[in-house]
Amino acid sequence: MKTGVYFCNCGTNISDKIDSEKIREEILKLPGEIRFRTIDFMCSEDGKEALEKDLKENGMERAVITACSPRDHENTFMRVLSKAGLNPYLMQMVSVREQVAWVTEEREKATEKALRYTNAALKRLALQDPLEHKEIDICPDVLVIGAGPAGLKAALSIAESGRKVVIVEKTPVIGGMPVRYEELFPNMECGPCMLEPVLGDVLHGEHSGNIELLTISEVMDVVGSYGNFIVKIRRNPRYVDADKCIGCAECMTPCPVSAKNEFNYGLDERKAIYLPFAGALPNAPSIDNAICLRAKGRDCRLCKDACPVEDAIIYDDAESIIERNVGAILVAVGAGVYDCKKIPNLGYGSMPDVYTSSEFERILASNGPTEGEVKTAQGKRPKSVAIIHCAGSLDENHKEYCSGICCQYAFKFNHLVGKKLPGTKIYHFYKELSFPGKEEFTLYHHAKEDRNTAFVRYRDMKDLKVEKKGAKKAVTYKDASGKKGSAPADMLILCPAVVPAEGSGSLGNILEATHDKFGFFEELHGRMDSAQSKIKGIYLAGACQSPMDIQKAMSQGMAAAGYILSGLVAGRKLEIKPITAVVDADRCSGCRVCMSVCPYKAISYDTEKEVSSVNEVLCQGCGTCVAACPAGAVKGNHFTTDEIFAEIEGVLA
Amino acid sequence: MSGKPKLSMYWATACGGCEISLVNIHEKVLDVDANFEFMFCPCLLDTKKKDIEAMPDKGIAITLFNGAIRTEENEEMARLLRKKSRVLIAYGSCSYEGCIPGLSNLHSREDHFKTIYLDNPTVDNPSGVVPTPETAVPEGTLRIPSFYERVKTLSDVVDADYFIPGCPPEPHQVWNVIEAVVQGRQLPPAGSVIGAGASAVCEECERKKEDKKIKKFYRTYEMIPDREKCLLEQGIVCMGIATRSGCGALCPKVNMPCTGCYGPPEGVLDQGAKMIAALGSIIDIGDVKGLSEEEIAKRADAVISSIPDPAGTFYKYSLPGSILKGRIS
Ligand SMILES: Cc1cc2nc3c(=O)[nH]c(=O)nc-3n(C[C@H](O)[C@H](O)[C@H](O)COP(=O)(O)OP(=O)(O)OC[C@H]3O[C@@H](n4cnc5c(N)ncnc54)[C@H](O)[C@@H]3O)c2cc1C
Ligand code: SF4
Ligand code: SF4
């Protein structure tokens, strides 16, 4: 086996500390056909050319590159090997710059160290196998779960590039949370209006033909992996044909039964056949089977009789299970808010006129339960409003993190209350104030300058207490400086911590995607890959990954679309890197120890053959299972036990 | 002397169970006799060392060498038998990996002598005599073989051709090997483990295996395990996952955990380390999201501390043959 050892001086970076002549002398004493050559600046064009030429001209079969960190130039030199006609995995880099020259003072010691590392590389290299990249066919279609801003933005841009997208939305409406908000920070745009272009394009835009929108639907099961997932979706009946329905709402008035409207957080009622709010899209009602009289065996036909369109209402619509093949999945299921009943001193649920911010958004909305009128339970206009920031956020008894968006909507509320009810006294109780960005401060400045607005900083949630004083309510408090006080509050608005959406745990189980310690979907890397989950082919966008505002949710949707469009290209095959784990079925004892250790869920168990196997598309080559397998049945390609021990022995020799 | 190929069996530091295991092939012993001249076995025959020394080199066809190398004498016999045998087989766990005698590598020779000759309550040794290789007596100097600092395996001192694992090896596996030789079948390359499988005991164990999560370990007397379920899943430290197959999963069959006597599966360098890595992967300390490192360590410690005698459990048979070979003082 002819092996070339190529030593890069890296200017003086390496040669200052390591005596290449001494290395040459010692290396050439080793058994085997070894060639040693120094090449200056091996990563330069000249250097690469020299390396290629030397490999070819001398018939080298393997190469040790004694140079910089493989992080820097492993790929560079692997490409040179390929060009020289060698398998690129028959190369081993020795990081003598980062791990020796830069960290070892004495030249003699550095040379000795470099020699040992080179020896180790030679030992391991002799055992290395040539490895090949594999390719598999892929399905370029995409599944988007959740039709909020993040999911829709991604779906639309994927559809615009000509790709098929299936959107699964749990509720009858699309648009997510912001379509329920009358106005949006920071620029006080109307929520539904701002989102309309996106929603409209999804429903009937130029590329809507590429989008299959499944509302009142849920993902039940996912099998397969990146490039080839098979998704089972439960499609619940709407009982209304959204294509035929003209959205006139005639059917709703005669309906004799009603229930609390969950879209208005139970602040008002809606019928069994209903639109959650005026302007909801798709503009077609749905029938709530839980209360519809027909579901109870009664022969009510009032809605159908009132409907001016024939067959728009379909009483025999039924649940169906459908299957779709997709190559990538985007999770965009948004977030929820913390249950304020867990902070009893704030009076939520036990005192009148204490609302969460989500509820208050609906109170402010002209299509909400009060048609935008802000009044107390007694029908009076509140003279004082207390807004409690950080309700459950920055609190080790509740949620440790800052929810990031609350301060901004709190000042949005400040603005809207001031506009609707001029002269109302508004108190902001806050732990910290947070509104980073170039636009986000404006509403705060307005509030600060407003003489009817007051700020109280508190240290701990237990320093606040909402108390009844006769017919009135007040917040008694101890502020951050320890001063006690009390502020009247006819109405209270709590800004609860943003928490993972209901059901995101079970969705995570279906997708085998992991959650972080707070229950949000866990990103591959918090800074660099926040739109990717740890499972290859499953992407994240929006508030399901972390509390965020619409801007970031939309950007993340686009980021995910970018990953998907660049990774999965129709007609192009998916390349599988060969550094994966492989189970030797003859050696596998079927003990199932490996099953739970893989962070990427790449291992599955064949109950018939009673052996495990690794899905090479999902495997990231981390080696966890290789270490765990007590039978020695799992081999880590390019990091086999023999290679690793040879390397250790080479260093110690 | 007949013209049949010669078979010998020697015991170094061993318990005698290996000899019994050979006899345990029952009536097949007659086949052995028909095919070999069984000519050396201090446990059963009266041949002496000088008789072996007098033989030509490679005069013995096969030597089954059992027992670990604890003393100078053990090594001397190993060298002699290596020289005189065409095929030298490390027979049984002691000569293959050091086995129970090898656990003494957790202590020094001085500690052993102190415990055995000085501190032992049933020993009366007022002048504190401990064995030394040479002792001066009026008649001259007495020599006894020295006691090594550490127990070694057969292949630590000579090249062994094959290894038959087991404490002791299972008779059917012993017979498999003898039969192969008798029938003149091609033996695997030198250095191989023979008379055993390549996978782990679980392969032969019929218990139902699930994905494993262990919250607490139990000692065998603390519970009567379910007969159908994997013992490890029930919290019994069963070494089967990290032990070479070949025995037929005898211990799990009778509701006892595998203790590991067949040594590491093919390709595994260190049985104990593998077992630790595997258990580390399946110990269940509950949801740790949001817990501090100290809290996580505390929970892990609580589960780990329910494993009695980790060194003696994970390295019961394999300490001298492992990577560390014993306690590093
Ligand atoms: C009170 C309040 C006021 C706010 N005001 C503003 C503001 O003024 N400006 C601003 O920029 N941001 C504001 N935000 C933040 C904003 O709501 C979020 O940034 C935005 O909703 C995130 O979009 P998303 O697509 O990630 O999630 P969402 O908008 O929550 O959409 C998620 C969608 O997924 C669906 N879904 C959930 N689970 C499933 C499932 N299992 N299967 C299928 N579908 C599912 C949901 O029904 C929903 O349609 C506010 C937030 C709150 C709480
Ligand atoms: S841990 Fe090893 S032996 Fe056990 S099931 Fe997995 S691959 Fe097979
Ligand atoms: S090497 Fe890592 S990623 Fe691959 S199967 Fe094993 S544990 Fe999973």
Exercise. When the stretch A:140-194 is examined, which residues are found to be over 17 Å from the mean Cα position of the chain (by Cα), closer than 15 Å to residue A:215 by Cβ and of a type in the set (Gly, Ala, Ser)?
Worked result: A:175
For this session: Scan the strands (runs of 3 or more DSSP E) fully inside the stretch B:57-105 and keep the ones with 1 or more residues being open to solvent by 10 Å² or more (accessible area, probe 1.4 Å) and over 29 Å from residue B:328 (Cβ atoms).
Result: B:60-66, B:85-91
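Which members of the stretch A:634-645 meet the condition of being hydrophobic (A, V, I, L, M, F, W, C) and away from chain B (no Cβ under 12 Å)?
Step one: filter the stretch A:634-645 for residues hydrophobic (A, V, I, L, M, F, W, C), giving A:634, A:639, A:644-645.
Once the filter is applied, which keeps residues that are hydrophobic (A, V, I, L, M, F, W, C) and away from chain B (no Cβ under 12 Å), the stretch A:634-645 yields only A:639.
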Exercise. If you check every pair at least six apart or on different chains, which have Cβ atoms under 7 Å apart with a residue in the stretch A:505-520 that is more than 10 Å from every other protein chain (Cβ to nearest Cβ) and assigned to a loop (DSSP other than H, G, I, E, B) first and a residue that is within 16 Å of ligand 2 (Cβ to nearest atom) and basic (Lys, Arg) second?
Worked result: A:512/A:601
Exercise. Out of the stretch B:119-134, which residues are open to solvent by 80 Å² or more (accessible area, probe 1.4 Å) and either in contact (Cβ under 8 Å) with a residue 12 or more places away in the chain or part of a helix (DSSP H, G or I) (or both)?
Worked result: B:119, B:129
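Within the stretch A:494-512, does at least one residue satisfy the condition of being over 20 Å from residue A:350 (Cα atoms) and within 16 Å of ligand 3 (Cβ to nearest atom)? Lay out the reasoning, then the answer.
Residues of the stretch A:494-512 over 20 Å from residue A:350 (Cα atoms): A:498-512.
Pick out the ones that are also within 16 Å of ligand 3 (Cβ to nearest atom) and you get A:512.
There is at least one residue in the stretch A:494-512 that is over 20 Å from residue A:350 (Cα atoms) and within 16 Å of ligand 3 (Cβ to nearest atom).
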Problem set entry | Residue list for the stretch A:218-244, filter: assigned to a strand (DSSP E or B) and surrounded by fewer than 16 Cβ atoms within 10 Å (Cβ to Cβ) | A:220, A:221, A:223, A:230, A:232
Exercise. If we scan the stretch A:20-42, do we find a residue that is open to solvent by 70 Å² or more (accessible area, probe 1.4 Å), closer than 19 Å to residue A:98 by Cβ and in contact (Cβ under 8 Å) with a residue 12 or more places away in the chain?
Worked result: yes
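How many residues are surrounded by fewer than 21 Cβ atoms within 10 Å (Cβ to Cβ) and over 40 Å from the mean Cα position of the chain (by Cα) when one looks only at the stretch A:51-72? If you could, list the steps in order and put the result at the bottom.
Let us first name the residues in the stretch A:51-72 that are surrounded by fewer than 21 Cβ atoms within 10 Å (Cβ to Cβ), namely A:52-54, A:56-59, A:61, A:69-72.
From what is left, the residues that are over 40 Å from the mean Cα position of the chain (by Cα) are A:52-54, A:56-59, A:61.
Of the residues in that region, 8 qualify.
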For this session: Examine the stretch A:299-316 for a residue that is within 16 Å of residue A:240 (Cα to Cα), within 16 Å of ligand 1 (Cβ to nearest atom) and open to solvent by 50 Å² or more (accessible area, probe 1.4 Å), and state whether such a residue exists.
Result: no
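Run down A:438, A:412, A:448, A:462 and say which single residue is in a loop (DSSP other than H, G, I, E, B), among the basic types (Lys, Arg) and within 37 Å of the chain's Cα centre (by Cα).
On the way: A:412 fails: in a loop (DSSP other than H, G, I, E, B); A:448 fails: in a loop (DSSP other than H, G, I, E, B); A:462 fails: in a loop (DSSP other than H, G, I, E, B).
A:438 is the lone residue from the list that is in a loop (DSSP other than H, G, I, E, B), among the basic types (Lys, Arg) and within 37 Å of the chain's Cα centre (by Cα).
Conditions tested, residue by residue: (1) open to solvent by less than 60 Å² (accessible area, probe 1.4 Å); (2) within 12 Å of another protein chain (Cβ to nearest Cβ); (3) not hydroxyl-bearing (Ser, Thr, Tyr).
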{"position": "B:261", "(1), (2), (3)": "yes, no, yes"}
{"position": "B:266", "(1), (2), (3)": "no, yes, yes"}
{"position": "B:284", "(1), (2), (3)": "yes, yes, yes"}
{"position": "B:297", "(1), (2), (3)": "yes, no, yes"}
{"position": "B:302", "(1), (2), (3)": "no, no, yes"}
{"position": "B:305", "(1), (2), (3)": "no, no, no"}
{"position": "B:311", "(1), (2), (3)": "yes, no, yes"}
{"position": "B:317", "(1), (2), (3)": "yes, no, no"}
Seminar exercise, completed: Among strands (runs of 3 or more DSSP E) completely within the stretch A:526-623, the ones holding 3 or more residues that are more than 16 Å from ligand 1 (Cβ to nearest atom) are A:574-576, A:581-583, A:603-606, A:611-614
Exercise. Looking at the stretch A:490-499, is at least one residue more than 30 Å from residue A:602 (Cβ to Cβ), aliphatic (A, V, I, L, M), surrounded by fewer than 17 Cβ atoms within 10 Å (Cβ to Cβ) and away from chain B (no Cβ under 14 Å)?
Worked result: no
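Out of all the residues in the stretch A:312-323, is one or more without any contact (Cβ under 8 Å) to a residue 40 or more places away in the chain and over 30 Å from residue A:139 (Cα atoms)?
First pass over the stretch A:312-323, keeping only residues without any contact (Cβ under 8 Å) to a residue 40 or more places away in the chain: A:316.
Next cut, over 30 Å from residue A:139 (Cα atoms) only: A:316.
Yes, the conditions are met somewhere in the stretch A:312-323.
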For this session: Name the strands (runs of 3 or more DSSP E) wholly inside the stretch A:73-185 in which the number of residues that are surrounded by fewer than 20 Cβ atoms within 10 Å (Cβ to Cβ) is 3 or more.
Result: A:134-136
Seminar exercise, completed: Subset of the stretch A:616-645, residues at pLDDT 95 or above, within 12 Å of ligand 3 (Cβ to nearest atom) and charged (D, E, K, R), comes to A:635
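Okay, residues lined up against (1) of a type in the set (Phe, Trp, Tyr); (2) more than 16 Å from ligand 3 (Cβ to nearest atom); (3) within 14 Å of another protein chain (Cβ to nearest Cβ); (4) under 20 Å from residue A:589 (Cβ atoms):
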residue: B:150; (1), (2), (3), (4): no, yes, no, no
residue: B:175; (1), (2), (3), (4): yes, yes, no, no
residue: B:189; (1), (2), (3), (4): no, yes, no, no
residue: B:199; (1), (2), (3), (4): no, yes, yes, yes
Problem set entry | Scan of the stretch A:177-236 for residues that are within 12 Å of ligand 1 (Cβ to nearest atom), more than 30 Å from residue A:417 (Cβ to Cβ) and not β-branched (Val, Ile, Thr), ordered by number | A:213, A:214, A:217, A:218, A:220, A:234, A:235, A:236
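Matching residues to (1) of a type in the set (A, V, I, L, M, F, W, C); (2) open to solvent by 30 Å² or more (accessible area, probe 1.4 Å); (3) out of contact with any Cys (no Cβ under 9 Å at 6 or more places or on another chain):
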site: A:265; (1), (2), (3): no, yes, yes
site: A:271; (1), (2), (3): no, yes, no
site: A:274; (1), (2), (3): no, no, no
site: A:278; (1), (2), (3): yes, yes, yes
site: A:289; (1), (2), (3): no, yes, yes
site: A:295; (1), (2), (3): yes, yes, yes
Problem set entry | Tally of residues being within 14 Å of chain B (Cβ to nearest Cβ) and away from ligand 3 (no atom under 13 Å from the Cβ) across the stretch A:555-587 | 4
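For every residue, the table says whether it meets (1) away from ligand 2 (no atom under 16 Å from the Cβ); (2) over 30 Å from residue B:322 (Cα atoms).
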site: A:568; (1), (2): yes, yes
site: A:588; (1), (2): no, no
site: A:599; (1), (2): no, no
site: A:603; (1), (2): no, no
site: A:637; (1), (2): no, no
site: A:640; (1), (2): no, no
site: A:653; (1), (2): yes, no
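Quick check on residue A:595: is it within 14 Å of another protein chain (Cβ to nearest Cβ) and either open to solvent by 40 Å² or more (accessible area, probe 1.4 Å) or aliphatic (A, V, I, L, M) (or both)? Explain how you work it out, then say what you get.
Details: within 14 Å of another protein chain (Cβ to nearest Cβ): yes; either open to solvent by 40 Å² or more (accessible area, probe 1.4 Å) or aliphatic (A, V, I, L, M) (or both): yes.
Yes.
Take the conditions basic (Lys, Arg) and more than 10 Å from chain A (Cβ to nearest Cβ) and apply them to residue B:289. Does it pass? Working first, answer last.
Working: basic (Lys, Arg): yes; more than 10 Å from chain A (Cβ to nearest Cβ): no.
Against the criterion (basic (Lys, Arg) and more than 10 Å from chain A (Cβ to nearest Cβ)), residue B:289 does not qualify.
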Exercise. Given (1) under 30 Å from residue A:153 (Cα atoms); (2) among the charged types (D, E, K, R); (3) free of Cβ contacts under 8 Å to residues at least 24 places away in the same chain; (4) in contact with a helix residue (DSSP H, G or I) (Cβ under 6 Å, 6 or more places away or on another chain), where does residue A:478 come up short, assuming only one miss?
Worked result: (1)
For this session: Identify, by number, the condition in (1) crowded, with 19+ Cβ neighbours inside 10 Å; (2) farther than 21 Å from residue A:139 by Cα; (3) more than 10 Å from every other protein chain (Cβ to nearest Cβ) that residue A:608 doesn't meet.
Result: (1)
Seminar exercise, completed: Within the stretch A:229-260, restricting to residues that are of a type in the set (S, T, N, Q) and out of contact with any helix residue (DSSP H, G or I) (no Cβ under 9 Å at 6 or more places or on another chain), the one that is farthest from residue A:536 (Cα to Cα) is A:258
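The values are calculated or read from the model by the stated rules, or taken from the named source; none is laboratory data. On a predicted model such as this, the values are computed, not experimentally measured, just so you know. Neighbour counts run over all protein chains shown; Cβ positions are idealised from the backbone, glycine included. Calculation scope for accessible area: heavy atoms of the full protein, side chains included, ligands and nucleic acids excluded. Shrake-Rupley method; radii C 1.70, N 1.55, O 1.52, S 1.80 Å.
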